[in-house]
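First comes the structure, then the notes that go with it.
Laboratory data are not the source of any read-out in this text; all were calculated from the coordinates shown. All figures in this text were calculated on a predicted structure; none of them were measured in a lab. With ideal geometry, Cβ positions are generated from the backbone for all residues, glycine too; neighbour counts draw on all protein chains shown.
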Amino acid sequence: MDDDLHLSRIQTAWSMVRRAHGDHTAVHEAQQTLLDRYGGAVRRYALAALRDEDAADEVFQEFALRFVRGDFGKVDPERGRFRAFVKTVVYRLIVDYQRRQKKRARESPVHSNLPEPPGDESDSLGDDAAFHTSWRDELLARCWQKLAVEEEQSGKPYHTVLRYRVDHAELRSPELAAELSEKLGKPINAGAVRVLLHRAREAFAELLLDEVVDSLANESLDEVEEELIELDLLEYCRPALDRRRAK
């Protein structure tokens, strides 16, 4: 795999947060990298909470603005995981948005259809599942994207084979081989398909494991496993995690 696709082993999310609020030329690059990497999860969560594209975009823009102007520069990674930090920030932005909408509704004859905001932050605990889902979906989406990039660079059809298998789970190996032979433009038998699928799953698991490691301040494998369990992703990564433990 290309080393450029494994920068997460060098730069964790928390280290980039510090870089993104430093006083050097790498600030803009770090800010953009973080927003590119985690902006999707922010948007997904905001959209799930507000059910309005424009509202979700407004929350994301406010998140990006606060990040770029340095509001998070003094956040202590020892206080918790990067995922929890992002969730707290976005949750507060959503509540602020709802309060603004409620105020506008009182000042206008047009009533807002948005739900009432929670009374205090303790009520946010019920939103953990929604944020976990948003975060998890974004991690998986990023891994599919990276697997596609790897396929373009290496020529190994891991993305094509694995994606086709996921989208056509009902096909048996011979049927899958016939379909993929046509799709890839070359003959491939059932045995070769099974080998390709195995390697594609391994590649996907390594990418997913790197994405999770990247979001943690403490890169111990025990913490990585705990995060995978919380996000319901351990089944994808258990063999890859075991291989890293054995190193």
> Once fully extended, how much extra length lies between Ala169 and Ala130, figured as 0.36 nm per residue of separation less the alpha-carbon to alpha-carbon distance?
Replying inline: 11.4 nm
> What is the extension gain from Lys247 to Arg51, computed as 0.36 nm multiplied by their sequence separation minus the C-alpha to C-alpha distance, in nm to one decimal?
Replying inline: 66.0 nm
> When the Debye formula is applied to the Cα atoms of the range 129-247, each taken as the same point scatterer, what base-10 log of I(q)/I(0) results at q = 0.10, 0.14, 0.17, 0.22 Å⁻¹?
Replying inline: -0.35, -0.65, -0.88, -1.21
> Taking a point 7 angstrom from the Cα of Glu182 along the C-beta vector, which residues in the range 129-170 have backbone N less than 13 Å away?
Replying inline: none
> Length gain on complete extension for the stretch Asp222 to Glu152, per 0.36 nm per residue less the alpha carbon to alpha carbon distance?
Replying inline: 21.8 nm
